[in-house]
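Notes for the one structure printed next.
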Amino acid sequence: MHPAAEHAEHSPLGKSSEYIATYTPSLLFPIPRTAKWAELGLTAETLPYKGVDFWNCFELSWLLPSGKPVVAIGEFAIPADSPNIIESKSFKLYLNSLNQTPFADTASLEATLRQDLSAAAGKTVGVRIRSLKDVEREGIVALPGTCIDDLDISVDSYAHPRPELLRCDASRIVEQSLHSHLLKSNCPVTSQPDWGSVAVEYRGAALDPASLLAYIVSFRQHSDFHEQCVERIFLDLQRLLKPEKLTVYARYVRRGGLDINPYRSTEDVQLPNQRLVRQ
């Protein structure tokens, strides 16, 4: 077992847990990114990307001073270079601990969330509490560019990502956006499936779309956290395409009221956090 997964073994992930309904920040369980960075040949000082992990909570609730409950949707932006990720079940348990906790107003709750999540991540976490009406107005969106899922490919390997499947035409420089909804990997602790969609936007050597699809499918039985899957895709494409610019991001299907959406890019841009049809 990889050290990062071994560290997660001590978390609530995959274990029976008591659901605490009053504010308990100690429930948050950070997992250092360093082990997975080392596996990918990276250190905190040599990260070749910028980015953020967007988390959306659809089960956020707390009490007003009057005792009346409120429901809302929480958006959390964890910097991709933060020392730690936050283990997802511990995140859910922490958010559930707000259920019977009164807060003076939404701003007070946001401040509490920002303080606790930043302490766990080791870097300032963006927090936004959104009303159901605001999110309803935004609706759902489609990923940009061309969907490659209808391409005919033959697949016989699903255990580990296979970057050798990727092909490009180095004689042609193109700018394009491709996406697939066939991304699947497994939790490295519980082996439960993680379903997602992934988008690739770049300017560089012309990537063969069928080879990209075969590569994405090769993640199907791979065990890793969401964030590291996206980082691996980014690095493999960067090595192959030698792009002027590259952005890779995934939108994962929620589990336990939370979805995780990692963005990695050579560009210093703030990508929108917009829901797909499966989210």
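Each row is one residue, and each column tells you yes or no for (1) outside any strand (DSSP E or B); (2) of a type in the set (S, T, N, Q); (3) under 27 Å from SER82 (Cα atoms); (4) under 18 Å from the mean Cα position of the chain (by Cα).
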residue: SER157; (1), (2), (3), (4): yes, yes, no, no
residue: ASP169; (1), (2), (3), (4): no, no, no, no
residue: ILE173; (1), (2), (3), (4): no, no, no, no
residue: LEU183; (1), (2), (3), (4): no, no, yes, yes
residue: THR190; (1), (2), (3), (4): yes, yes, yes, yes
residue: TRP195; (1), (2), (3), (4): no, no, yes, yes
residue: VAL200; (1), (2), (3), (4): no, no, yes, yes
Legend entry - Unmet criterion (only one of (1) outside any loop (DSSP other than H, G, I, E, B); (2) without any contact (Cβ under 8 Å) to a residue 40 or more places away in the chain; (3) more than 21 Å from TRP37 (Cα to Cα)) for ALA210: (2)
Legend entry - Top-ranked residue in segment 142-154 [being among the hydrophobic types (A, V, I, L, M, F, W, C) and open to solvent by less than 50 Å² (accessible area, probe 1.4 Å); ranked as nearest to VAL198 (Cα to Cα)]: LEU143
Inset, instruction - Run down GLN279, GLN270, GLN221 and say which single residue is within 30 Å of ASN99 (Cβ to Cβ) and part of a loop (DSSP other than H, G, I, E, B). - result: GLN279
Inset, instruction - Considering each of GLU136, GLU201 in turn, give the residue that is of a type in the set (Asp, Glu), over 28 Å from LEU95 (Cβ atoms) and open to solvent by 20 Å² or more (accessible area, probe 1.4 Å). - result: GLU201
Legend entry - Selection count, segment 129-184, where residues are closer than 30 Å to TRP62 by Cα and touching a helix residue (DSSP H, G or I) at 6+ places or on another chain (Cβ under 6 Å): 1
Legend entry - One residue from ASP236, ASP224 being under 21 Å from the mean Cα position of the chain (by Cα), under 22 Å from ARG254 (Cβ atoms) and among the charged types (D, E, K, R): ASP224
Legend entry - Failed criterion for ASP149 (all others in (1) part of a loop (DSSP other than H, G, I, E, B); (2) touching a residue at least 60 places away in the same chain (Cβ under 8 Å); (3) under 22 Å from the mean Cα position of the chain (by Cα); (4) under 28 Å from SER90 (Cα atoms) hold): (4)
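The values are calculated or read from the model by the stated rules, or taken from the named source; none is laboratory data. Remember, predicted model here, so these are calculated numbers, not experimental data. No Cβ is skipped: glycine too gets one built from the backbone with ideal geometry, and neighbour counts run over all protein chains shown. Protein only, heavy atoms only, side chains kept; ligands, DNA and RNA dropped before computing areas. Shrake-Rupley method; radii C 1.70, N 1.55, O 1.52, S 1.80 Å.
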